[in-house]
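Please read the structure below before turning to the comments.
The values are calculated or read from the model by the stated rules, or taken from the named source; none is laboratory data. All of these numbers come straight from a predicted model, not from anything done at the bench. Positions of Cβ are generated from backbone atoms using ideal geometry, with glycine treated the same way; all protein chains shown enter the neighbour counts.
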């Protein structure tokens, strides 16, 4: 765990630097335990965070090799240099504030590429290409078909409907297996969990957000979609209802982003913290307790990898189904209005005949 060295910051007492013991705290040398805590915390943050280096570390050793990934950016305005520069914490490409679009390859980018390759490879290897055989042969092929049918029947059709569900099944299948492979890759040595990066989960949530809005516009039309933002209330309540409905559009992708990010990040932090107790307490006997607990959390993470892929896909199907339902609600309101109008006309005709 302490294979990565980090500088220990000066430690202040509970009175702070300006208190009675402020001078003593400022000149306090960190103890061995405090250094170990700094090393363990730094190692955990270094492991779960994204970086421009792909490190292959040897456990319980300071030997490790790093692969420097390409760093490059695209200038957004003329006369701007987007070459990597030293920021004091390593080489980095200037950001948007300096007129550069950073497109550097990072560790989590590599993990997403691997997950995409696994997704494509699974489709090529386990899909039933022989149309003369209704049942695929092999354990892996049957397991793959079971997951595909589960997403189609239990998530897409049940949440979106029999008519529109198959239309959005390809996206739901792609999201499910892509997230699943990213979750599982982080449980292998020298790999990383891309879904522990909030930028990755935000990108996935934005995909669901765009498809949800497209589904609503397609089902209800642009006019019906905009009318849905009024909530069906009286016009004098529109200044209150429209902002509320508009903000409600973004709470769904926000929930998808935070839920997947927090659940995948927390599990890895807990595992590393349990193992880090061995170095923080400085006694090998602690391993008798921390290692079994860490192993239990690791097995739990295998289950969580499937659960989080399922939850993201299920909520995506639910949100898309809510968008599709806009069209049905519009037709119901139109039919109801038509019946009321027809009833009033018939009543008027009967009144005229009676007179």
*Could you give me the residue pairs with C-beta distances under 7 Å whose first residue belongs to the range 197-226 and is in the same structural domain as residue 264 (by TED's automatic domain parsing), whose second residue is assigned to a loop (DSSP other than H, G, I, E, B) and surrounded by 14 or more Cβ atoms within 10 Å (Cβ to Cβ) wherever it lies, and which are 6+ apart or on separate chains?*
197/50
*Of the residues in the range 44-55, how many are at pLDDT below 80 and part of a loop (DSSP other than H, G, I, E, B)?*
0
*May I ask you to list pairs of residues, at least six apart or on different chains, whose Cβ atoms are under 7 Å apart, with the first in the range 255-275 being not assigned by TED's automatic domain parsing to the domain that holds residue 39 and the second being surrounded by 17 or more Cβ atoms within 10 Å (Cβ to Cβ) and not in a helix (DSSP H, G or I)?*
264/193; 268/186; 268/193; 275/1
*With respect to residue 149, determine if the residue is within 21 Å of residue 307 (Cβ to Cβ), crowded, with 16+ Cβ neighbours inside 10 Å and at pLDDT below 95.*
no
_Restricting the range 56-97 to residues that are in a strand (DSSP E or B) and touching a residue at least 40 places away in the same chain (Cβ under 8 Å), the residue that is surrounded by the most Cβ atoms within 10 Å (Cβ to Cβ)_ = 57
*Would you be able to say whether some residue in the range 162-178 is surrounded by 14 or more Cβ atoms within 10 Å (Cβ to Cβ), at negative phi and modelled with pLDDT under 90?*
no
